[in-house]
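The values are calculated or read from the model by the stated rules, or taken from the named source; none is laboratory data. Worth saying up front: this structure is predicted, and the values here are computed from it rather than measured. Please note: Cβ atoms are built from the backbone with ideal geometry, for glycine as well, and neighbour counts cover all protein chains shown.
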Amino acid sequence: MTLSSSSHPHSLSLMDPRKNKYDVFLSFRGEDTRGNFTSHLFSALSKKHIETFIDDQLIRGDEISQSLLDAIEASTISVIIFSEGYASSKWCLDELLKIIDCKNNSGQMVIPVFYRVDPSHVRKQIGSFGDSISNLEERFPEKMQRWRNALTEAANLSGFDSHVTRPESKLIEEIVGEVLKRLDDTFQSDNKDLVGVECRIKEIELLLRTGSAGVCKLGIWGIGGIGKTTIAGAIFTKMSKHFEGSYFAHNVREAQETGGLAHLRQQLLSTLLDDRNVKNFPYIILNFQSKRFSCKKVLIVFDDVTHLKQIEFLIGRLDWFASGSRIIITTRDKQVLSNCRVDQIYDVKELVDVDALKLFSRCAFGEDDPTASYTKLTHEAVKYAKGVPLALKVLGSFLSGRRKEEWKSAMRKLEIVPHMEIQEVLKISYDGLDGHEQDIFLDIACFLVGEDRDQVIRFLDSCGFFPEIGLRVLVDKSLITIDYNTIKMHDLLRDMGREIVRKESINHPGERSRLWHHKDIYEVLTRNTGTKAIKAISLDMSNVSKEIHINPYTFSMMPELRFLKFYGQNKCMITHFEGAPFTDVRYFEWHKSPLKSLNIRAENLVSLILPGRLWDDVQNLVNLKEIDLSDSKQLTKLPDLSLARNLESLDLWGCSSLMETHSSIQYLNKLAFLYLVSCESLRSLPHTIRSESLFELRLSGCTSLKRFPKISSCFLKDLDLESCGIEELPSSIECLYNLRSIDLLNCTRLEYIASSIFTLKSLESIRISKCSNLRKFPEIPSCIIDEAGIKRQALSKLELNNCSRLESFPSSLCMFESLASLKIIDCPRLDGLPDELGNLKALEELTVEGTAMREVPESLGQLLESLPSSLYKSKCLQDSYLDDCPNLHRLPDELGSLEALKRLYAEGKCSDRSTLVYYISRDAELMRNWVHHSLFDGLT
């Protein structure tokens with residue numbers, strides 16, 4: 001590219017490229033270049049799908065036509081081809097005047113090309129070029145100065161010189177490249193109505209590795225209406241001109257459903273191969289065309305794909321294309337992208353609140369912000385749409401121009417009946433599910449959103465729905481997400497699922513498969529209108545304002561019921577049931593149930609949740625996996641559970657009157673969760689709990705429990721015994737060989753801790769606090785004292801806090817090479833720390849406060865006199881906090897050898913009884929603040 005004496009950046013501030021009919025207008029003198037350079041340039045621009053205007057009139061009059069002036073105005077870029085005879089044509093010069101006018105008044109971009117003419121001759125109108133314009137002076141004196149000014153202005157712009165860039169093929173290639181670059185610069189303006197798209201396009205461009213070699217396949221994935229097609233279209237518009245061939249295959253799914261896939265293939269091949277004859281061969285053999293594809297760099301978008309076979313039918317294989325090709329596939333189904341072996345997947349998320357408000361406001365009010373009087377209603381509508389562009393557009397357009405009362409009425413209706421247009425788009429994904437998957441989706445939509453994945457699988461598996469693969473399919477189809485093991489679903493999808501159920505029987509809720517709305521449930525229960533159609537009921541009783549009087553035969557009329565959940569403050573009034581209720585129930589939950597007898601066919605039961613209720617029924621519980629009797633204040637003894645051989649979870653949290661558990665729990669080999677928190681009266685557990693599956697044990701608050709049972713489990717990682725009444729931590733603790741942490745907080749009866757805790761090679765943290773009867777911390781057993789044994793230990797944190805009778809700290813603990821944090825706080829009888837403390841090579845944090853030590857750092861106790869000189873050997877110590885040490889009067893010189901020390905705080909007394917405070921920080925630079933600096937001179 002040749003730059004003239006001054007270069008002016010193009011402006012887009014006044015131009016709206018979206019309204020332009022043409023990308024490029026070509027201004028040239030036909031006699032000079034029509035049959036050669038200009039025709040080749042036009043062809044090259046057209047192959048890049050650059051919409052180019054060229055005047056094909058071979059004979060021109062004296063006056064430029066209005067249609068030509070309109071074409072100039074309707075173009076984003078004008079390319080002026082200055083040739084030797086350009087200035088001899090009044091037509092060309094008038095075109096130039098119009099082009100310069102559009103440049104100056106509407107921001108049109110102008111690219112001059114100096115074809116076999118010197119740019120300075122054009123700029124100054126000299127030489128043979130200057131002679132050409134001079135010949136017009138006698139005929140058109142009134143235009144002469146304007147023409148000359150326009151020539152000078154155009155020649156001063158950044159352009160191309162054929163004398164510099166050779167051969168012509170390279171010159172044309174560079175001109176086309178510059179045109180593409182400038183058109184790309186208009187892209188942001190061209191898409192300013194696409195709210196929230198710009199940042200997504202940038203992210204996708206990074207995933208596509210634009211400009212790099214190889215064939216890149218990208219999937220754009222998300223729920224219906226989230227904007228996949230819009231984003232893909234914006235990417236296509238921006239990038240397509242950079243490829244030798246490009247095609248956007250719209251609505252592949254719909255084309256297949258309507259029998260139009262063959263026609264779509266013909267259009268695709270015809271466009272990519274630039275061969276109109278392809279249309280005459282609907283069953284063209286794609287393998288024959290693969291060689292033609294392999295030489296062509298293409299951009300293809302396959303929109304709304306539901307199966308790999310659709311891609312194979314349309315194009316064969318995705319790796320047939322030349323290096324640099326890019327393939328984009330939009331879909332609701334992630335498995336499709338996996339089958340297509342895409343390189344990257346872009347997960348389209350909902351619009352952020354700011355963009356969602358802007359998009360809705362544009363549709364509802366025609367502006368970026370809502371009308372002031374509609375602000376509150378607007379935010380309600382935007383909240384309902386939850387960032388889905390389709391919903392925002394549909395609701396905004398639907399509510400536009402309506403009165404406030406109509407807005408309010410519409411929003412109330414949406415709480416019960418989703419908008420039909422939104423419903424239809426979202427339901428496409430549901431229609432693609434098989435029967436089991438649809439049942440899983442509807443169960444989740446109606447009553448399982450927010451539930452734990454494992455519990456959901458437990459219930460669905462008991463119904464024979466194959467939940468492992470079913471949930472995976474729902475995730476892949478963007479119908480649910482699973483975050484932190486919790487099932488989640490977009491509110492619009494939830495409402496769509498519930499609307500499917502509501503339409504099963506719009507006027508008779510007792511004939512629907514699932515009930516979740518409290519008004520519908522109240523009607524069915526109080527009027528006794530239930531039927532065999534009902535499979536699940538989930539009622540939040542706090543939403544019911546009055547008592548629900550239930551007929552004893554009500555549930556006998558629902559033989560297919562498999563899920564019952566009544567939660568919140570009980571409002572149901574009934575003491576017993578007649579007939580054969582709950583014959584097929586899998587999940588039964590009833591808070592504060594008033595029933596005297598459950599009368600459940602227990603062999604089908606998987607989960608039994610009865611918070612706050614006694615349960616003495618001993619039945620065939622062979623499939624039962626979960627029992628929750630939490631907060632049952634009157635429960636004193638657990639019933640025999642020996643028949644519940646598959647029980648995985650037992651929750652007795654808050655059963656404050658429970659005195660003993662049944663011996664049968666020691667034989668529950670699949671028990672993974674045992675919760676006995678705040679069972680204040682619990683005196684004993686079975687001597688041994690044999691479940692090797694035990695994953696979580698909660699005994700905190702069992703103040704009457706004196707003995708800790710023997711447990712053999714490789715899954716138990718953390719042991720919390722806060723406020724537990726145990727007197728010792730027995731040697732059998734070594735059976736928990738994968739234990740990572742032990743918390744003994746407020747165990748006021750604890751007197752003994754077995755040294756076998758140090759045989760736990762995975763143990764990382766020990767925290768002992770407010771154990772007022774603990775006198776001695778255990779020594780490391782001799783079996784692991786050898787060097788290899790100590791190195792195998794993982795203990796990194798040890799905290800002894802408020803142990804008022806603790807008298808000694810074993811020196812063997814200083815052999816732990818992994819110990820990084822040691823805290824000893826408020827242990828007033830601890831009168832010494834071992835001199836071997838310096839052997840803790842990994843120690844990074846040392847806190848000692850409120851002890852009675854005499855021969856260790858004064859900051860480690862109330863009567864501290866000196867810090868062990870061995871401590872300086874530590875290479876890792878970073879923080880040391882030595883507080884409440886009234887006798888501290890000296891720190892060792894060797895402390896200066898602590899290379900990693902960042903902060904040290906010490907407080908004590910000097911010989912004159914004045915308070916001494918010593919603080920050192922080694923962050924940006926060494927900083928000292930002390931009252932008596934003579935205390936310590938060794939640290940530099």
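Numbers at a glance
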read-out	value
Restricting the range 595-648 to residues that are outside any loop (DSSP other than H, G, I, E, B) and hydrophobic (A, V, I, L, M, F, W, C), the residue that is modelled with the lowest pLDDT	A602
The range 205-249, residues that are without any contact (Cβ under 8 Å) to a residue 60 or more places away in the chain, part of a strand (DSSP E or B) and not aromatic (F, W, Y)	G245
Hey, R402 assigned to a helix (DSSP H, G or I) and over 30 Å from V473 (Cα atoms) or not	no
Residues satisfying the stated conditions in the range 653-692, i.e. under 15 Å from C724 (Cβ atoms), of a type in the set (A, V, I, L, M, F, W, C) and either in a loop (DSSP other than H, G, I, E, B) or touching a Pro at 6+ places or on another chain (Cβ under 8 Å) (or both)	W653, L658, L676, V677, C679, L682, L685
Single residue of the range 565-579 satisfying the filter (within 38 Å of the chain's Cα centre (by Cα) and surrounded by fewer than 21 Cβ atoms within 10 Å (Cβ to Cβ)) that is nearest to T529 (Cα to Cα)	K565
Failed item in (1) modelled with pLDDT of 85 or more; (2) closer than 28 Å to N738 by Cβ; (3) of a type in the set (D, E), with D786 passing the rest	(1)
Where D434 falls short, out of the listed (1) under 24 Å from V305 (Cα atoms); (2) of a type in the set (D, E, K, R); (3) touching a helix residue (DSSP H, G or I) at 6+ places or on another chain (Cβ under 7 Å)	(3)
Filter result for F582 (modelled with pLDDT under 90, in contact with a Leu (Cβ under 7 Å, 6 or more places away or on another chain) and either crowded, with 19+ Cβ neighbours inside 10 Å or not in a loop (DSSP other than H, G, I, E, B) (or both))	yes
Where F321 falls short, out of the listed (1) buried (at least 21 other Cβ atoms within 10 Å of the Cβ); (2) more than 21 Å from C216 (Cβ to Cβ)	(2)
Cβ pairs under 6 Å, 6+ apart, first in the range 744-771 and under 18 Å from S796 (Cα atoms), second assigned to a strand (DSSP E or B) and hydroxyl-bearing (S, T, Y)	S765/S741
Odd one out for Y374, checked against (1) within 27 Å of the chain's Cα centre (by Cα); (2) among the aromatic types (F, W, Y); (3) farther than 15 Å from D491 by Cβ	(1)
Single unsatisfied condition, I733 versus (1) part of a loop (DSSP other than H, G, I, E, B); (2) within 23 Å of E751 (Cα to Cα); (3) at pLDDT below 95	(1)
Residues that are buried (at least 17 other Cβ atoms within 10 Å of the Cβ), of a type in the set (S, T, N, Q) and over 38 Å from the mean Cα position of the chain (by Cα), drawn from the range 532-564	T554, S556
Residue list for the range 405-427, restricted to those being assigned to a helix (DSSP H, G or I), out of contact with any Leu (no Cβ under 9 Å at 6 or more places or on another chain) and of a type in the set (D, E)	E405, E424
Scan of the range 338-380 for residues that are assigned to a loop (DSSP other than H, G, I, E, B), surrounded by fewer than 17 Cβ atoms within 10 Å (Cβ to Cβ) and without any contact (Cβ under 8 Å) to a residue 40 or more places away in the chain, ordered by number	G366, E367, D368, D369, T371
In the range 1-52, residue modelled with the lowest pLDDT [restricted to those that are under 43 Å from the mean Cα position of the chain (by Cα) and among the charged types (D, E, K, R)]	R18
Cross-chain or 6+ apart pairs with Cβ under 6 Å, the range 662-679 first and under 11 Å from L647 (Cα atoms), then part of a helix (DSSP H, G or I) and at pLDDT 95 or above	none
Cross-chain or 6+ apart pairs with Cβ under 9 Å, the range 406-431 first and without any contact (Cβ under 8 Å) to a residue 12 or more places away in the chain, then among the hydroxyl-bearing types (S, T, Y)	E415/Y384
The range 796-819, residues that are at pLDDT 90 or above and not polar (S, T, N, Q)	K797, L798, E799, L800, C803, R805, L806
Filtered residues of the range 518-535 (kept if part of a loop (DSSP other than H, G, I, E, B) and either on the phi > 0 side of the Ramachandran plot or touching a residue at least 24 places away in the same chain (Cβ under 8 Å) (or both))	N528, G530, T531, K532, A533, I534, K535
Of the criteria (1) closer than 19 Å to L744 by Cα; (2) under 48 Å from the mean Cα position of the chain (by Cα); (3) part of a loop (DSSP other than H, G, I, E, B), which one R805 fails	(2)
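Residues are listed down the side, and each one gets a yes or a no for (1) free of Cβ contacts under 8 Å to residues at least 60 places away in the same chain; (2) among the aromatic types (F, W, Y); (3) part of a loop (DSSP other than H, G, I, E, B):
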| residue | (1), (2), (3) |
| --- | --- |
| L93 | yes, no, no |
| K98 | yes, no, no |
| N104 | yes, no, no |
| V113 | no, no, no |
| H121 | yes, no, no |
| L136 | yes, no, yes |
| F160 | no, yes, no |
| H163 | yes, no, yes |
| K170 | yes, no, no |
